[in-house]
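The values are calculated or read from the model by the stated rules, or taken from the named source; none is laboratory data. Remember, it's a predicted structure, so these values are computed and weren't measured experimentally. Backbone-built Cβ (ideal geometry, glycine too); neighbour counts: all protein chains shown. These accessible areas exclude ligands, DNA and RNA; they are computed on the full protein's heavy atoms, side chains included. Shrake-Rupley method; radii C 1.70, N 1.55, O 1.52, S 1.80 Å.
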Amino acid sequence: MIWVQGRITLAPRSRGFHLVTREILDGIDGLAQIRVGLLHLLLQHTSASLTLNENASPDVRRDFESWFDDAVPERARYWTHTLEGSDDMPAHIKASLLGPSLVLPLHQGRPALGTWQGIYLCEHRDHGGPRSLVATAFGEG
Amino acid sequence: MIWVQGRITLAPRSRGFHLVTREILDGIDGLAQIRVGLLHLLLQHTSASLTLNENASPDVRRDFESWFDDAVPERARYWTHTLEGSDDMPAHIKASLLGPSLVLPLHQGRPALGTWQGIYLCEHRDHGGPRSLVATAFGEG
Amino acid sequence: MIWVQGRITLAPRSRGFHLVTREILDGIDGLAQIRVGLLHLLLQHTSASLTLNENASPDVRRDFESWFDDAVPERARYWTHTLEGSDDMPAHIKASLLGPSLVLPLHQGRPALGTWQGIYLCEHRDHGGPRSLVATAFGEG
């Protein structure tokens, strides 16, 4: 059994959905040795999230932002947690809708993703800053 | 440690929510040998998803389709990614809301699901075709 | 390799979002021995869910309930599965939006959560009763 665990700091990004597959995979040493296994990623935040979606058109990522902004509005009558800014509470909801973690199968040293699947960092705050991620890979060599 | 990894091709299904527990479990050889472990499933697509929910009433699955169609409408003013059809962009959003993967505990050779839990294939496209899934099971024999 | 698997019964809670990090971690024997590994949690129900979110302000958890009640209304024209009460079908939808499971990295015998991350039990029914959870931890000692 091979175990690899480390922390990756993702560069700060603007509010929106960003393709970070390469940035994440380049940050993990030792994936290439794992013949069959899993890769787990946890974003250590409550106002940003990770998801898998289309890795081609930037249109798709823009439309993600539009839908989420519409579905979780900043100005809603029911918000009571408003002290940290109008983008804060919607960011918490969006983060839980998408979730802070991903688990990907590893096959012959690489994540066995579909052709069109890429990893999105979903930045739900206006000024989220750098984001910390714990990567854990394990499997058989 | 036992590791089992393989690909399953799910039969094409109409747009909606479909119970596929049996189809998936029958597609994985070697589960029965794992006394304690995990089963990970990844759908390799960005317009379909997996979830666990009620395995009894077909009503529940129909109401899932109704809610998701209402919450992520095909005709919204904010869509810009419209080239692949009006069902495409909503399918991407729905796929990320539910997620492409599941992790289930294995106990005595079987997933330790609750009495009412079944695996849904959530087909968000009008004509999604067959769907590929990577199954990875591991644990102690 | 260390494997630990057990069942935890969470005390009944009112409808809403509840911080249960301590209750869950105290229910799992042997975590402290795992130097690097993962912890998987599965709630064995289809009308409650687990998520990670802010562990500080109770305001945040109240606003979660408000948003989810607004987004998945009890009285919608499209519900057909209404036999088990008006809170039942919305509970199924909410449960799948948030998901029944979590995977957390283990590092030096503890979940490597962010400073502000805590585990929420999301109780979507009016009278959900006690909730069963299967915890599976594994890794290297």
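With respect to the conditions (1) open to solvent by 30 Å² or more (accessible area, probe 1.4 Å); (2) more than 13 Å from chain B (Cβ to nearest Cβ); (3) of a type outside the set (Val, Ile, Thr), C:Asn53 lacks only one, and its number is (1).
For (1) more than 24 Å from B:Leu19 (Cβ to Cβ); (2) in contact with a His (Cβ under 9 Å, 6 or more places away or on another chain); (3) not acidic (Asp, Glu), each residue gets a yes or a no:
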site: C:Gln44; (1), (2), (3): no, no, yes
site: C:Pro73; (1), (2), (3): yes, no, yes
site: C:Ala76; (1), (2), (3): no, no, yes
site: C:Leu104; (1), (2), (3): yes, yes, yes
site: C:Leu121; (1), (2), (3): yes, yes, yes
site: C:Ala135; (1), (2), (3): yes, yes, yes
site: C:Phe138; (1), (2), (3): yes, yes, yes
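Annotation note: Cβ proximity below 9 Å between a residue of segment C:126-141 that is at positive phi and a residue that is among the basic types (Lys, Arg) (sequence gap 6+ or interchain) occurs for C:Gly139/C:Arg35.
For segment B:58-70, what are the residues that are within 7 Å of another protein chain (Cβ to nearest Cβ) and open to solvent by less than 30 Å² (accessible area, probe 1.4 Å)?
Within segment B:58-70, B:Val60, B:Asp63, B:Phe64, B:Trp67 meet the criteria.
For segment C:81-93, the criterion of a residue being open to solvent by less than 10 Å² (accessible area, probe 1.4 Å), in contact with a helix residue (DSSP H, G or I) (Cβ under 6 Å, 6 or more places away or on another chain), within 14 Å of chain A (Cβ to nearest Cβ) and not acidic (Asp, Glu) is satisfied by at least one position. For A:Arg62, the stated conditions hold: it is of a type in the set (Lys, Arg) and either closer than 29 Å to A:Arg110 by Cα or modelled with pLDDT under 95 (or both).
Among the residues of segment A:110-135, those that are farther than 20 Å from A:Trp67 by Cα and more than 13 Å from chain B (Cβ to nearest Cβ) comprise A:Gly129, A:Pro130, A:Arg131, A:Ser132, A:Leu133, A:Val134, A:Ala135.
Among the residues of segment C:28-47, are any open to solvent by 40 Å² or more (accessible area, probe 1.4 Å), more than 12 Å from every other protein chain (Cβ to nearest Cβ), more than 13 Å from the chain's Cα centre (by Cα) and at pLDDT 95 or above? Yes, because at least one residue in segment C:28-47 is open to solvent by 40 Å² or more (accessible area, probe 1.4 Å), more than 12 Å from every other protein chain (Cβ to nearest Cβ), more than 13 Å from the chain's Cα centre (by Cα) and at pLDDT 95 or above. Number of residues in segment B:1-19 that are open to solvent by less than 20 Å² (accessible area, probe 1.4 Å) and in contact with a Phe, Trp or Tyr (Cβ under 7 Å, 6 or more places away or on another chain) equals 1. From the residues in segment A:94-108 that are open to solvent by 10 Å² or more (accessible area, probe 1.4 Å) and farther than 22 Å from C:Leu50 by Cβ, which one is nearest to the other protein chains (Cβ to nearest Cβ)? Per the criteria, the residue is A:His107.
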